[in-house]
Amino acid sequence: MQYVVEKIDDIDEKTKRELIVTALLHDLGKSMWPDELFTKPSYLLKVEDIALIKTHTILTRNLLKENVGELLNENILKFIENHHEKPGGKGYPAGLVEPGYPVRILEAVDIFCATLLEERAYRTGKENAEGVFMEIEELAGKKVSKILKELYQKLFVTADKQFKEGVM
């Protein structure tokens, strides 16, 4: 994730560092979930499961603020809390109309690294960057916005190199 964020050229160095720290910590609240949530396919999730899943952003922020808050600046805590916000108020936890470009970058990197690369109980990760980008093409217009698709295209060369070097 760090390598990908470092290759984004239209954000300042401070924001890059904040996004890298955020990327490493943003899902710690998931540690409070019951084990079965990690293995259930999404079509088997109940309303209560989804509600619990949506609390992880706030859980993570609170956990970090209480334990290491003095080491993290407010931007990092805000990025963590808002990393599932989507334009138009479609995300969570607050339904922000415009979550901001750094949060959109985090969303792109999170989808790329976690959703598409990593193995899950209900699907396999992609074997190469081309497989990831084929899936992004499929998701475009559904889950992945045009701004994210553009960011992925910009990162394609970097990602492909990483796959070949075995870093991803």
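A short reminder: the numbers here are calculations on the coordinates, not readings from a lab. Source: prediction; values computed, not measured. Heads up, the Cβs are rebuilt from the backbone with ideal geometry, glycines too, and the neighbour counts pull from every protein chain shown.
Applying the Karplus relation 6.51 cos²θ - 1.76 cosθ + 1.60 with θ = phi - 60° to the range 6-22 yields 3J(HN,Hα) values of 4, 7, 7, 9, 10, 10, 6, 4, 4, 5, 4, 4, 4, 5, 5, 4, 4 Hz, where x marks Gly and Pro. Proximity of backbone amide H atoms, modeled 1.01 Å from N, is registered between Lys86 and Gly91, Tyr92, Leu96 at under 5 Å, excluding neighbours fewer than 5 places apart on the same chain.
Placing dummy labels 7 Å off each Cα toward the beta-carbon, the span from Ile11 to Asp27 is 1.8 nm. Here the calculated FRET efficiency for Glu70 and Ile50, from their Cβ-Cβ distance with R0 = 30 Å, stands at 0.35, rounded to the nearest 0.05.
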